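Peer 1: Got a structure for you, questions after.
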């Protein structure tokens, strides 16, 4: 198993944190992991993204040309990364914010009201948690939910750890609603 | 400290320097190594050390010279154009036979270039960008773990041989977060009777790179340095090999390029193609005899580097015309493509290397 993920969104949507959370959770499961932020010219224009590789094998390059999975938390991220996803890959996109829906027919496209799920818990900053929940539902072999929940306490700084109960609720909300999307 | 943690390479290096007893760190910011000064600015005060953001790279390297002359473990870090500015100081440190650790987290060049990772400073690192006949030990980590391990080692090597030791990592190695087990201190201690510690009760020590008197002082000094460099060349032979025993096609690479090359070896072996990887861990001294020994059994050597033909020169010097050497280089922040490496090796199989001239 090797998954190459790109997680993208506005600065402040917790893109880098999302990557680290998945990495730490997978690392604690004995997986090989790498995480690298985008920087440079890419970063200008309001989108941040990071590349995450989770694998049973040693990881060659942390740099991802053709991701197998993209989590796009805003519109520019869909525009930027939809075309780069491998055929048969997965695109989880934030339908609360994205106006131009992705169109490729050779991908699994999952519209997720990530920001709305977060707002239901009284914050707009938990859209990333909803997206992780959806990812865990769709890719059960990637990393188990309890490992991600445990990783929250390791990755989130002591100052912000008080928000983890909310983070967990949004995580589960994303998981459960994706169950319904899939069943529909 | 045996717990596995997810750490960015630059931060693993910084913490490893503290583990090694480095308490004096001087630098001027530049991407993609800024996590090192950021980390040091927080950690050094906690451990009673000095973090000083200098007014320039020239100042930072001069502060390293001063601290090293005082007998303490000192380090500076920078990235490519910043390292270019430090070369004068590095030459002075080498001439003064002072121990220190230098870090270059390479970005694309020439000039200001760009901030994505590259390996274009191989010549600068291994040939000496400064003036005169001097050497620095150059270590080439390929992961966050090796960044940490090699840094602890670098401080011991620097003290043992009174020489600057350079950690040469491409920006991807520095920027990437990976699982790391932080190393333990080695516990080695080094007497420094030459250090400038105040001459009360002993004759004075002089540290200088200027050697005027007697007339042959500078040549004597150079001969002494060469003896030391010869000794280091005998003692430091660091390599990592992967499937080289029966390799018909040998890839030589370091850093991020070597990680991709290793994956290419796996894929090629799955297809029944006998590829192997030779990864030099020390770039100076370059493990030439070891490479020669392994390469002479291969039909051809492919050098994969994130530069346009720098490492390949040491590879050619090592095999001395006995084996054909090809080059696959990427530059400006591009990483070698896995499929391109595989295709290149497969093309050797197809051509059976009958019409390819030794380059």
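Peer 1: Six or more apart or on different chains, Cβ under 7 Å: which pairs go from a residue in region B:234-253 that's assigned by TED's automatic domain parsing to the domain that holds residue B:326 to one that's surrounded by fewer than 18 Cβ atoms within 10 Å (Cβ to Cβ) and part of a loop (DSSP other than H, G, I, E, B)? Could you list them?
Peer 2: B:248/B:299; B:249/B:299
Let's see how each residue does on (1) closer than 21 Å to residue B:175 by Cα; (2) within 14 Å of chain A (Cβ to nearest Cβ):
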| position | (1), (2) |
| --- | --- |
| B:108 | yes, yes |
| B:115 | yes, yes |
| B:127 | no, no |
| B:132 | no, no |
| B:140 | yes, no |
| B:149 | yes, no |
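Peer 1: Still on this model: Is one or more of the residues making up region B:85-101 buried (at least 18 other Cβ atoms within 10 Å of the Cβ), closer than 22 Å to residue B:180 by Cα and within 20 Å of the chain's Cα centre (by Cα)?
Peer 2: The answer is yes; a qualifying residue exists.
Peer 1: Kindly indicate whether any position in region B:283-292 is under 30 Å from residue B:148 (Cβ atoms) and part of a strand (DSSP E or B).
Peer 2: yes
Peer 1: Is it fair to say residue A:4 is more than 8 Å from every other protein chain (Cβ to nearest Cβ) and either in contact with a strand residue (DSSP E or B) (Cβ under 9 Å, 6 or more places away or on another chain) or assigned to a helix (DSSP H, G or I) (or both)?
Peer 2: Answer is yes for this residue.
Peer 1: Moving on. For the structure I just gave you, tell me whether residue B:129 is assigned by TED's automatic domain parsing to the domain that holds residue B:61 and modelled with pLDDT under 95.
Peer 2: yes
Peer 1: Something else now. What residue, among those in region A:24-45 that are within 7 Å of chain B (Cβ to nearest Cβ) and at pLDDT below 90, is farthest from residue A:150 (Cα to Cα)?
Peer 2: Among those residues, the one meeting the criterion is A:40.
Peer 1: Is it the case that region A:46-68 has a residue that's more than 10 Å from every other protein chain (Cβ to nearest Cβ), out of contact with any helix residue (DSSP H, G or I) (no Cβ under 8 Å at 6 or more places or on another chain) and assigned to a helix (DSSP H, G or I)?
Peer 2: So far as region A:46-68 goes, no, none of its residues is more than 10 Å from every other protein chain (Cβ to nearest Cβ), out of contact with any helix residue (DSSP H, G or I) (no Cβ under 8 Å at 6 or more places or on another chain) and assigned to a helix (DSSP H, G or I).
Peer 1: Please give the helices (runs of 4 or more DSSP H) falling wholly within region B:139-236 in which 2 or more residues are more than 30 Å from residue B:31 (Cα to Cα) and at pLDDT 95 or above.
Peer 2: B:144-161, B:217-235
Peer 1: Still on this structure, please answer the following. Here are some conditions: (1) in contact with a strand residue (DSSP E or B) (Cβ under 7 Å, 6 or more places away or on another chain); (2) under 20 Å from residue B:123 (Cα atoms); (3) without any contact (Cβ under 8 Å) to a residue 40 or more places away in the chain; (4) not in a loop (DSSP other than H, G, I, E, B). Residue B:257 meets all but one. Which one does it not meet?
Peer 2: (3)
Peer 1: How many residues, within region B:295-317, are surrounded by fewer than 23 Cβ atoms within 10 Å (Cβ to Cβ), in contact with a strand residue (DSSP E or B) (Cβ under 6 Å, 6 or more places away or on another chain) and under 15 Å from residue B:254 (Cβ atoms)?
Peer 2: 1
Peer 1: Exactly one condition in (1) crowded, with 23+ Cβ neighbours inside 10 Å; (2) without any contact (Cβ under 8 Å) to a residue 60 or more places away in the chain; (3) away from chain B (no Cβ under 14 Å) is false for residue A:114; which is it?
Peer 2: Checking residue A:114 against (1) crowded, with 23+ Cβ neighbours inside 10 Å; (2) without any contact (Cβ under 8 Å) to a residue 60 or more places away in the chain; (3) away from chain B (no Cβ under 14 Å), the one that fails is (2).
Peer 1: Do you know which residues across region A:49-59 are farther than 13 Å from residue A:36 by Cα and surrounded by 15 or more Cβ atoms within 10 Å (Cβ to Cβ)? Let's see the steps before the verdict.
Peer 2: Taking region A:49-59 and keeping what is farther than 13 Å from residue A:36 by Cα, we get A:55-58.
Passing the criteria: only A:55.
Peer 1: Enumerate the pairs (first residue in region A:66-83 and surrounded by fewer than 18 Cβ atoms within 10 Å (Cβ to Cβ); second residue anywhere and assigned to a helix (DSSP H, G or I) and modelled with pLDDT of 95 or more) with beta-carbon separation below 7 Å, excluding pairs fewer than 6 apart on the same chain, so at least 6 apart or on different chains.
Peer 2: Close Cβ pairs (under 7 Å, with a partner that is assigned to a helix (DSSP H, G or I) and modelled with pLDDT of 95 or more) amount to A:66/A:84.
Peer 1: Next question, about the same structure. Of the residues that make up region B:197-211, is at least one in contact with a helix residue (DSSP H, G or I) (Cβ under 8 Å, 6 or more places away or on another chain), surrounded by 15 or more Cβ atoms within 10 Å (Cβ to Cβ) and closer than 24 Å to residue B:64 by Cα?
Peer 2: So far as region B:197-211 goes, yes, one or more of its residues are in contact with a helix residue (DSSP H, G or I) (Cβ under 8 Å, 6 or more places away or on another chain), surrounded by 15 or more Cβ atoms within 10 Å (Cβ to Cβ) and closer than 24 Å to residue B:64 by Cα.
Peer 1: Continuing with the same structure: Of all the helices (runs of 4 or more DSSP H) wholly in region B:11-118, which have at least 2 residues that are in contact (Cβ under 8 Å) with a residue 40 or more places away in the chain and out of contact with any strand residue (DSSP E or B) (no Cβ under 7 Å at 6 or more places or on another chain)?
Peer 2: By residue number, B:80-95.
Peer 1: Identify, by number, the condition in (1) away from chain A (no Cβ under 14 Å); (2) at positive phi; (3) in contact (Cβ under 8 Å) with a residue 24 or more places away in the chain that residue B:187 doesn't meet.
Peer 2: The one condition residue B:187 does not meet is (3).
Peer 1: Hey, does region B:310-325 have a residue that's within 14 Å of chain A (Cβ to nearest Cβ) and either touching a residue at least 40 places away in the same chain (Cβ under 8 Å) or under 21 Å from residue B:142 (Cα atoms) (or both)? Before the answer, list the steps.
Peer 2: First pass over region B:310-325, keeping only residues within 14 Å of chain A (Cβ to nearest Cβ): none.
Within region B:310-325 (the criterion being within 14 Å of chain A (Cβ to nearest Cβ) and either touching a residue at least 40 places away in the same chain (Cβ under 8 Å) or under 21 Å from residue B:142 (Cα atoms) (or both)), the answer is no, since none of the residues qualifies.
The values are calculated or read from the model by the stated rules, or taken from the named source; none is laboratory data. Everything quoted here is computed from the prediction, not taken from an experiment. Because the Cβ atoms are built from the backbone with ideal geometry, glycine has one as well, and the counts that use them run over all protein chains shown.
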